Every structure is written in structure tokens, then in C-alpha cells.
Amino acid sequence: MVLAAELDLEGEERPSSDALAPSSTIQRKRGRPKGAKNRPRIDNVTLLPPANNVKKRGRPTKSSLYEGGFKDGSIKRLVPSAGGLPGAARQSQGAISDGIVYLSAQRASDTNVQSVFGQATQVFKIIDGLLNQARTDKRHILHAQVWLSHIAYAEEFNRAWESWIDREYLPARSLVEGRLIRPEYMVEVQVTAVVPRPKALAEEEAK
């Protein structure tokens, strides 16, 4: 709590209370407490709102650079965008810790598209958006886990995968058949990726 007070100092002119715009004022009895002969007399104490969210100028501090899951034990969670994604009410869409982002498994947002290629393309677009939110991209994917509702869809999924992934940065990948949460879903993909360390943080840690 920030306190601003009007002080009546010995021999000094008292400032006008009109200069203050108190949100609430506590009136106190004039006079001085015992044993406080040389202390200034406080007549009004104005309670001002705390000065939160004050941005300091200059070089960012190490603690601010660690925001984003780079400090040991810290976790940053990815919040679903407006409109939400499947399962948005039950989980984060991803979590970052120690420079690694772990995305939740993603499914197509439009199940009216009843082709593995079409649903996989939607999934990859969602993954691209979440990786961008985590300040990384598909070139930094470590591992992708793929579930297909039927293993016969593997060839069609691979066509979608190869049209999306950067072949110079191929990640590890697992592909299995599994029963998905609803029959209209044909594919589900979960990825884990590296979040590149900010240059400013690397410079701080090198000191």
C-alpha cells in the first residue's frame, strides 16, 4: 500500500489538500503523540492504489528473461486461443519447462472433413500456432506421436506429414493405431519441441 501524507512542518507552509485526489481519507486528531516533539504532524493519510505493473526502463533483469519456462523448475502453460480447441476446458494446450515445450495431443477442429489428409492438415496448422505461441517452430520438434483410428490410413497420413514437415529437420516419430475419443476423429498428433534459448538470457548466463 502506498501512503501519501500531508505534512505540517515547523515553520513551513502547508501544501493545499486540493492537490491530492484521495480514493479514501482517514481523518486523524490534530496533535503530536508523546515523545514526538520533533516529528512532523500528520493530519490526513491518503490511501492510493498500489503501483503494480510499473515497467522499468533499461536492460531486462535475469528474472524477466527466465519467464517462459527457462528457469529450473519454472513452468509456463499455453492457454487456448479464443474459440478454444478440443479439450480446452480440461487442460493446457501445452507446457514449457527447462526450454522444452510439451504440447497436448491435437485433433482436427472440423470433423466434417472426413479424410485423413484433411484432418492431418488441420492438426498441423494447430500445432504450428501453438509452437509459435511457445516461440519455437516445427524445425525444433524432438518427437511426434501419431495415433490413427485405423492403421490403413498410414500412407495417406504420411503424404500430409511429408507436405508439412521440414525435411532438413526431421524429428523422431512414432505412429500407432488406436481408438480415438470419438469415431469422427481419424488422426491425433502430439509433439515435443525445443524452445530456443533467448539470446539475452544466454548472454546473462555467460557472465
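The values are calculated or read from the model by the stated rules, or taken from the named source; none is laboratory data. Being a predicted model, the structure only gives us computed values, none of them experimental. Virtual Cβ from ideal backbone geometry, glycine too; neighbours counted across all protein chains shown. Heavy atoms of the whole protein, side chains included, go into the accessibility calculation; ligands, DNA and RNA do not. Shrake-Rupley method; radii C 1.70, N 1.55, O 1.52, S 1.80 Å.
Per residue, the accessible area of the range 87-207 comes to 54 Å² when a 1.4 Å probe rolls over the protein heavy atoms. Ordering of 150-159, 130-139 by packing is 130-139, 150-159, highest average first (other Cβ atoms within 10 Å, averaged per residue).
Among the protein heavy atoms, those of Arg197 account for about 110 Å² of accessible surface (1.4 Å probe, every chain in place).
All other residues with a Cβ under 11 Å from the Cβ of His150 taken together, and with Lys, Arg as +1 and Asp, Glu as -1, what is their net charge? Result for the local shell: -1.
Distances between placed amide hydrogens fall under 5 Å for Arg173 paired with Ala144, all partners being 5 or more residues away or on another chain. Among beta bridges from DSSP that stay inside the range 107-198, the antiparallel ones total about 55%.
With q set to 0.11, 0.19 Å⁻¹, the log10 of I(q)/I(0) for the range 105-207, from the Debye formula over equal scatterers at the Cα positions, is -0.37, -0.90.
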